[in-house]
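> First the structure, which I've put down as structure tokens, then a few questions once you've had a look.
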Amino acid sequence: MAYHVIEGNVVGKKEKIGIVCARFNEFIVSKLLGGAIDGLVRHGISEENIDVAWVPGAFEIPLICEKMVKTGKYDAVIALGTVIRGSTSHYDYVCNEVSKGVAQVGLQAGIPVMFGILTTENIEQAIERAGTKAGNKGYDCAVSAIEMINLIKAIEK
Ligand SMILES: Nc1c(NC[C@H](O)[C@H](O)[C@H](O)CO)[nH]c(=O)[nH]c1=O
Ligand SMILES: CC(=O)[C@@H](O)COP(=O)(O)O
């Protein structure tokens, strides 16, 4: 192979992870959280190195992600929430702002800030992505967080 490949493995060690959860639609978000913790622990992260912060709704997630990042205590932050369309345009504003906000925090952070927020048309779609037939978005974000931590280490060494 003439070119070099830089990639991150999914082996966690002593890294510290912050998770920000929205309480709105907690029935779903709690499943995302369980999946995220399962993914982290099964890939080597100790539960004692995981902090979970709860916010009222997805709109508040970016601010607390930023607060966690600025502590300098975490190797990655995972945002978990569930936004389900209602009968007004409120859904669009919440989704737009939370996605922009999390992305903005991530670009400024220097550490991975993972977007584990479901944005669905209905409850069924959310359930499918919180541990049923479409997997668990929380688990996926957890494993990707470890990959990103190790990728950054590989690039910076
Ligand atoms: N409708 C959903 C919300 N709405 C609440 C907002 O996120 C926010 O907490 C409120 O506007 C006060 O600032 N939040 C969700 O997480 N999911 C929803 O479906
Ligand atoms: C995503 C939301 O904010 C939504 O649940 C609010 O519902 P509605 O648009 O019917 O007020």
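Each reported figure results from applying straightforward, stated rules to the coordinates on display, with no laboratory input. Just so it is clear, the model here is predicted, and its values are computed rather than measured. Because the Cβ atoms are built from the backbone with ideal geometry, glycine has one as well, and the counts that use them run over all protein chains shown.
> Which number do you get for Rg(Cα) / (2.2 N^0.38 Å) in the stretch 59-111?
That works out to 1.24 for the stretch 59-111.
> On a 18 Å Cα-Cα criterion, which of the cross-link pairs Lys14/Lys153; Lys16/Lys137; Lys67/Lys100; Lys73/Lys100; Lys13/Lys153 come out too long?
In this structure, Lys16/Lys137; Lys73/Lys100 lie more than 18 Å apart at Cα.
> Between Ser46 and His4, what length comes free when the chain is fully extended (0.36 nm per residue of separation minus the Cα-Cα distance, one decimal in nm)?
Taking 0.36 nm per residue and subtracting the Cα distance, the gain is 11.9 nm.
> Any chance you could check the Cα centroid distance between the stretch 73-93 and the stretch 126-155 for me, in angstrom?
16
> Please compute the modelled spin-label separation between Lys73 and Arg85, points set 7 Å along Cα→Cβ, answer in nm with one decimal.
It works out to 3.9 nm between the two label points.
> For the stretch 57-123, which GluC sites (Glu not before Pro) are both in a DSSP coil and crowded by at most 12 other Cβ atoms within 10 Å?
Glu121
> Please determine, in degrees from 0 to 90 and to the nearest 10, the orientation of helix 90-109 with respect to the longest principal axis defined by the Cα atoms of the chain, where the helix direction is its Cα long axis.
Relative to the chain, helix 90-109 is tipped by roughly 20 degrees.
> Give me the percent of DSSP beta bridges within the stretch 20-145 that run antiparallel, rounded to the nearest 5. Let's see the in-between values first.
Numbers: 2 of 15 bridges.
In the stretch 20-145, approximately 15 percent of DSSP beta bridges are antiparallel ones.
> Under a Cβ-only charge scheme (Lys and Arg +1, Asp and Glu -1), can you give me the dipole magnitude of the chain about the Cα centre, in debye to the nearest 20? Mind dumping the intermediate values first?
Values: 16 positive and 18 negative charges, 52 e Å.
Once rounded to the nearest 20, the dipole reads 240 debye.
> Here's something else I'd like to know. Calculate for the chain the 222 nm mean residue ellipticity that helices alone would give, adding -39,500 (n - 2.57) per DSSP H run of length 4 or more and normalising by residue count, nearest 500 deg cm²/dmol. Walk me through the intermediate numbers first.
Details: 5 runs with 74 residues, N = 157.
Helix contribution divided over all residues of the chain: -15500 deg cm²/dmol.
> Put +1 on the Cβ of every Lys and Arg and -1 on every Asp and Glu Cβ in the chain; which of Thr71, Val98, Leu118 then has its Cα farthest towards the positive end of the dipole?
Thr71
> Subtract the Cα-Cα distance of Lys100 and Glu156 from 0.36 nm times their separation in residues, and report this length gain in nm to one decimal.
The Lys100-Glu156 span can extend by a further 17.5 nm.
> Once Rh is set to the Kirkwood radius over Cα pairs, what Stokes-Einstein translational diffusion coefficient, in µm²/s, holds for the chain at a temperature of 20 °C and a viscosity of 1.002 mPa s?
136
> Which trypsin sites (Lys or Arg not before Pro) in the stretch 39-87 pass both tests, a DSSP loop state and at most 15 other beta-carbon atoms within 10 Å?
Values: sites: Arg42, Lys67, Lys70, Lys73, Arg85; in loops: Lys73, Arg85.
Qualifying residues, ordered by number: Lys73.
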